[in-house]
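Structure first, then comments.
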Amino acid sequence: MRRDIIAAAALCLATPVFAQEMSATAKMAGADGADAGTVTFTQTKSGVLHIIVEMTNLAPGSHGLHIHEKGACDAAGGFESAGGHYAGGKEHGINNENGPHAGDLPNVHVGENGVLKAEFFTTQLSLGEGGTNPLLDSDGSAVILHAEPDDYASAPAGHAGNRIACGVIEQPS
């Protein structure tokens with residue numbers, strides 16, 4: 001009985017609990033500057049980050065989707081301004097024994113109609129400074145959609161190809 005109480009207390013201390021939900025949005029734009037949709041982030045009371053992706057006018061097929069370390073989306077520079085993946089002290093890829101990066105998300109799949117809708121949950125990222133790997137830190141963070149699928153292993157970005165859409169993660173004003 002005593003061990004159960006100690007284990008439960010340790011679990012509660014290891015998982016941040018947020019008093020209220022916090023949200024942020026990335027307005028996605030393609031390399032041509034055209035609106036490509038949104039990615040919405042909600043920090044739940046349980047501490048889990050809920051991510052909803054809704055994008056349109058995309059090339060059908062599988063694409064890598066990653067959170068990048070800087071909140072900058074310069075289309076003229078191929079969105080390289082967003083920096084690398086948000087690593088969180090890990091290496092790239094779910095198939096890497098030292099991975100995955102905190103910003104490594106599963107591949108997404110665009111239908112023949114060019115529409116992408118996906119939903120994720122993660123405990124590897126958070127919105128605010130009090131959580132794990134905060135996205136709204138001093139230099140911000142961005143969402144990048146790549147031209148190809150992530151192979152879940154190769155460094156630094158899983159051979160996911162060009163960055164075809166980008167959005168800076170921002171809190172609503």
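A few remarks follow.
- Within segment 49-99, the set of residues being without any contact (Cβ under 8 Å) to a residue 24 or more places away in the chain, outside any loop (DSSP other than H, G, I, E, B) and aliphatic (A, V, I, L, M) comprises 76 only.
- For segment 102-126, taking the residues that are of a type in the set (D, E, K, R) and farther than 16 Å from residue 36 by Cβ, the one that is surrounded by the most Cβ atoms within 10 Å (Cβ to Cβ) is identified as 104.
- Matching residues, segment 79-99, being modelled with pLDDT under 95 and either touching a helix residue (DSSP H, G or I) at 6+ places or on another chain (Cβ under 7 Å) or among the acidic types (Asp, Glu) (or both): 91, 97
- Test: residue 144 is in a strand (DSSP E or B), surrounded by 17 or more Cβ atoms within 10 Å (Cβ to Cβ) and in contact with a helix residue (DSSP H, G or I) (Cβ under 8 Å, 6 or more places away or on another chain): yes
- Test result for residue 167, within 18 Å of residue 68 (Cβ to Cβ), modelled with pLDDT under 95 and not aromatic (Phe, Trp, Tyr): no
- Looking across segment 26-48, the residues that are under 18 Å from residue 102 (Cα atoms) and in a strand (DSSP E or B) come down to 26, 39, 40, 41, 42, 43.
- Restricting segment 100-124 to residues that are aliphatic (A, V, I, L, M) and part of a loop (DSSP other than H, G, I, E, B), the residue that is modelled with the lowest pLDDT: 102
- Some residue of segment 4-12 being in a loop (DSSP other than H, G, I, E, B), modelled with pLDDT under 95 and of a type outside the set (Gly, Ala, Ser): no
The values are calculated or read from the model by the stated rules, or taken from the named source; none is laboratory data. Model, not experiment: these values are computed from the prediction. Neighbour counts run over all protein chains shown; Cβ positions are idealised from the backbone, glycine included.
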